[in-house]
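One structure below.
The values are calculated or read from the model by the stated rules, or taken from the named source; none is laboratory data. This structure is a prediction, so every number in the text was calculated from the model and none was measured. Virtual Cβ from ideal backbone geometry, glycine too; neighbours counted across all protein chains shown. Note: accessible area is taken over every heavy atom of the protein model, side chains too, but ligands, DNA and RNA are not part of it. Shrake-Rupley method; radii C 1.70, N 1.55, O 1.52, S 1.80 Å.
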Amino acid sequence: MKIDFASFKKPKPYETDSKSFWDDPHISKHMLKAHLDDHHDAASRRPHIMDAACLFLKNTYPPKQYPRVLDLGCGPGLLTARLLEKGYDAFGVDISKRSIAYAKAQFGERYFARQDYLNLDVDQRYDIIVLMYCDYAVLSPNKRQRLLQNISRVLKNDGVFVLDVFTPQRFKDRDERKSWVMQDESFFSPNPHLLLESFYRYKQDLFLEQFIIIEAARWDVINNWHQTYTLKRIKDELNQSGFRVLKYYADVTGEAYHAHSETLYLVTEKS
Ligand SMILES: C[S@@+](CC[C@H](N)C(=O)[O-])C[C@H]1O[C@@H](n2cnc3c(N)ncnc32)[C@H](O)[C@@H]1O
């Protein structure tokens, strides 16, 4: 095994992406467990928040006028299932084989498909497209642009695209740091490994959580990039891809936006 020591230096923005983070067989097992754990917001938000988010959507964009919803990155379908319950004709797609298998088994085969939303392939157009839990901002700029093009293609002209992003407040108290720990097994690997964890700050509200996993015969680098957004930054970026922000809130439940909010929830339309 040859280790590339260049990987231990602070990477340039988006220099390297994570390969198989969402669909790695071991990580996806732990990820599904995290999605289904009602006690924290690690992978999906807690049930009462998802309930409130669906209620807010229903009150603002009711299923009678906006029947067809596409849930991008739906994970194990917890939000999609709630949207179905609220009366929407909802469809969820996700790249994770394990999450989609769970969603299909739990809530119905026909409501879900395993898909990479960067190569979105649906034959309908939607009244509402949702991209929930700050998924947009983990993508590189090119991928974000590609995703927005896909969304624009399948969103009806009078439809809405809703998403949430983290603001710079999210990481305001975290300094750059590196740490390591020896693990028998962890979220990242079923085998004994050295786990090196780094947190890096960049200009323009970009952050990186990096995990380097070194096993006896294998090593891997997982880079989780986080672009955080001020209201101006997200408005400008969405505008450049042909979306106009109609409304914005502090969170997915519709709380009024304020300067200390860690998230921004945006309702947009095609401009
Ligand atoms: C933070 S989770 C959010 C899950 C869900 N939206 C929720 O609110 O509970 C992000 C989800 O996006 C999915 N995902 C990541 N990249 C994707 C891609 N390129 N295409 C489809 N799904 C993707 C992951 O598998 C994961 O289920």
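Provide the convex hull volume over Cα atoms per residue for segment 170-226, in Å³.
That works out to 81 Å³ per residue.
Regarding segment 22-177, what whole-number volume in Å³ per residue does the convex hull of its Cα atoms give?
Each residue corresponds to 135 Å³ of Cα convex hull volume.
How about Lys2: which lysines have a C-alpha closer than 25 Å to its C-alpha, ignoring those fewer than 8 places off in the same chain?
Lys10, Lys12, Lys19, Lys178
Per-residue counts of other Cβ atoms within 10 Å, averaged by peptide: what ranking do you get for 199-205, 179-185, 75-81, 26-32, highest first?
75-81, 26-32, 199-205, 179-185
Give or take rounding to whole Å, what are the principal axis extents of the alpha carbon atoms in segment 117-211, in descending order?
Computed over segment 117-211, the largest-to-smallest principal extents equal 52, 32, 20 Å.
How big is segment 92-167 by the Kirkwood estimate over distinct Cα pairs, in Å?
13.4 Å
Please compute, over every Cα-Cα pair in the chain, the percentage with a separation greater than 32 angstrom.
Looking at the chain, the distances longer than 32 Å represent 24 percent of pairs.
Any idea of the accessible area per residue across segment 170-226, 1.4 Å probe, to the nearest Å²?
Ligands and nucleic acids excluded, the result is 56 Å² per residue.
Which whole number of Å³ per residue matches the convex hull of the alpha-carbon atoms in segment 190-262?
Enclosed volume per residue, from the Cα hull, is 159 Å³.
Please report how far the C-alpha centroid of segment 30-90 lies from that of segment 216-271, rounded to the nearest whole angstrom.
For segment 30-90 versus segment 216-271, the Cα centre distance is 18 Å.
I need to check one value: relative contact order of the chain, counting alpha carbon pairs closer than 8 Å and at least 6 residues apart, in percent.
17 percent
Output the pairs from Lys58/Lys235; Lys156/Lys247; Lys29/Lys156; Lys29/Lys247 with a Cα-Cα distance over 27 Å in this structure; if there are none, say none.
On the way: Lys58/Lys235 24 Å; Lys156/Lys247 18 Å; Lys29/Lys156 35 Å; Lys29/Lys247 36 Å.
Among Lys58/Lys235; Lys156/Lys247; Lys29/Lys156; Lys29/Lys247, the Cα-Cα distance tops 27 Å for Lys29/Lys156; Lys29/Lys247.
Enumerate by residue number the chymotrypsin sites (Phe, Trp or Tyr not before Pro) in segment 101-177 meeting two conditions: DSSP loop (anything except H, G, I, E, B), and at most 11 other Cβ atoms within 10 Å of the site's Cβ.
Details: sites: Tyr102, Phe107, Tyr111, Phe112, Tyr117, Tyr126, Tyr133, Tyr136, Phe161, Phe166, Phe171; in loops: Tyr133.
Of the chymotrypsin sites (Phe, Trp or Tyr not before Pro), not one in the loops of segment 101-177 has a Cβ with at most 11 other Cβ atoms within 10 Å.
At a 1.4 Å probe, what is the % contribution of carbon and sulfur to the accessible area of the chain?
Here it works out to 50 percent.
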